[in-house]
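*Asks:* Submitted below is the structure of interest, expressed as structure tokens.
Read the figures in this text as sums done on the coordinates, not as results from a lab. The structure presented is a predicted model; accordingly, all values stated were derived computationally and were not measured. No Cβ is skipped: glycine too gets one built from the backbone with ideal geometry, and neighbour counts run over all protein chains shown.
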Amino acid sequence: MVIGAASIIVIGYLTVRGGHFYMEHFQCATPSMLPSKARDSLHWAYLREEIDPDLNMAQTHLNQALMIAQEEANLPLTHPIIVDIVLRIANNSVRLGNLYEARLEYQKLLQALVVAGGDENLKKAIDVVKRMSKICLTMQDYKSAEKYLEWAIGILTAGQSSIVNNINLDLVQCNLMLAGIYAKRKQFDKALSLYLGTLKKIKQLLQSSPSSEIKDRDSNKVHEINWNCWEGIIMGHLGEIFYAMGKEDEALGWLQEGLKIAKSGGDDKVGERRDCDECVGVISNNLGLIYEKDGKIWNAGAFYTQAVSFAEKANDLEGLEEASRNLERIEKKLEKINNE
């Protein structure tokens, strides 16, 4: 019995170690400088994030890895390994709906990165600002989001060319988020100024290259950014602003031009299609709303149908839900008309 029990223990140990070996070499490579306990915790966290999802358990393993990395490996909060772990913890908190906890993690990390200074830390700080601003917008804390975004834009436009040249997409995204805040506050002149200025910057980029490469911080994969898609996205936003200002003709002009560019800009050979497809879906839905309000039911139905199709292609779940709801409503109106 003793030998049997010992054998079971050994087999169990080897099975666990074999699992960690497989995770390390085929699923989730971890930094070799970390103690084995921390690396094992990161493996377990990946398992609970991606393979057998349980985000609460994943958070437990990530926090354990974070503690070991800081206390035993003596890594500072600004070390790339620690930054990645903290971002995973914060991102999981967002997925769990714990926005306040996620915001605290981002704030702690942002403060450390800013204090440490240097181009690399500032790049990471700007990425944190974008994530935190999205949370603030969800929480309707527009004042805080505006403060963070203005800081990031200030850094990106302060003549630090080594940052601007490498992460120009960040400047575009921060500008659009801030312009969106102005629009929500009905500060349309400020929103228009920012949208138009950003559109001008993108047109300048398009003169040299229709796309550029960027590394995604979460997946660590390099992909291309199709600037034609972003040109269409901004035109769509301009259409929204002009419509909110009661200028429907100008709104339709911007929306239709944005739709045209987004459709033609989605070439597989030039950057990624997803941004263009999502843009087509959003603009189509907005055009549907305008035509429905004007009583042009058939036109609205055609645009809602297109919005659903492109939202599905882009895997834009929020856009798909809204467009599907609008299409269902317009189909009921059309059915009623046909039955009269």
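*Asks:* Using θ = phi - 60° and the Karplus curve 6.51 cos²θ - 1.76 cosθ + 1.60, what whole-Hz ³J(HN,Hα) does each residue of the stretch 325-340 get, with Gly and Pro shown as x?
*Replies:* Each residue of the stretch 325-340 in turn: 5, 5, 5, 4, 5, 6, 5, 5, 5, 5, 5, 5, 5, 5, 7, 7 Hz.
*Asks:* Would you mind ranking Y142, Y195 so that the residue whose beta carbon has the fewest other beta carbons within 10 Å leads the list?
*Replies:* Listed from fewest to most nearby Cβ atoms, that is Y142, Y195.
*Asks:* Which ³J(HN,Hα) values, rounded to whole Hz and listed in residue order, are derived for the stretch 255-265 from phi using the Karplus coefficients 6.51, -1.76 and 1.60 in 6.51 cos²θ - 1.76 cosθ + 1.60 with θ = phi - 60°, glycine and proline given as x?
*Replies:* Taking θ as phi minus 60°, the curve returns 5, 5, 5, x, 5, 4, 5, 5, 5, 7, x Hz for the stretch 255-265.
*Asks:* Tell me, what ³J(HN,Hα) does each residue in the stretch 63-77 have, in order and in whole Hz, if you take phi through Karplus 6.51 cos²θ - 1.76 cosθ + 1.60 with θ = phi - 60° and put x for Gly and Pro?
*Replies:* 5, 5, 4, 4, 4, 5, 4, 7, 8, 8, 8, 6, 8, x, 4
*Asks:* Against the empirical 2.2 N^0.38 Å scaling, what ratio does the C-alpha Rg of the stretch 273-340 come to?
*Replies:* Working: Rg = 11.9 Å, N = 68, 2.2 N^0.38 = 10.9 Å.
Relative to the rule-of-thumb radius for its length, the stretch 273-340 sits at 1.08.
*Asks:* Okay, next question. Return a whole-number percent for the relative contact order of the stretch 273-340, with Cα pairs under 8 Å and 6 or more residues apart as the contact set.
*Replies:* It rounds to 34 percent for the stretch 273-340.
*Asks:* Next up: Please order K263, K124, K332 by the number of other Cβ within 10 Å, starting at the fewest.
*Replies:* So the ranking, lowest neighbour count to highest, is K332, K263, K124.
*Asks:* Give me V83, V129, V115 ranked fewest to most by other Cβ atoms within 10 Å of their Cβ, as a rough exposure proxy.
*Replies:* Ascending Cβ contact count within 10 Å gives the list V115, V83, V129.
*Asks:* Kirkwood Rh over alpha-carbon pairs of the stretch 28-104, then Stokes-Einstein at 20 °C and 1.002 mPa s: what D in µm² s⁻¹, rounded to an integer?
*Replies:* The estimated diffusion coefficient comes to 173 µm²/s.
*Asks:* Related question: Which of the peptides 143-153, 197-207 is most tightly packed, and how do the rest follow, going by the mean number of other Cβ atoms within 10 Å of each residue?
*Replies:* Ranking the peptides 143-153, 197-207 by packing returns 143-153, 197-207.
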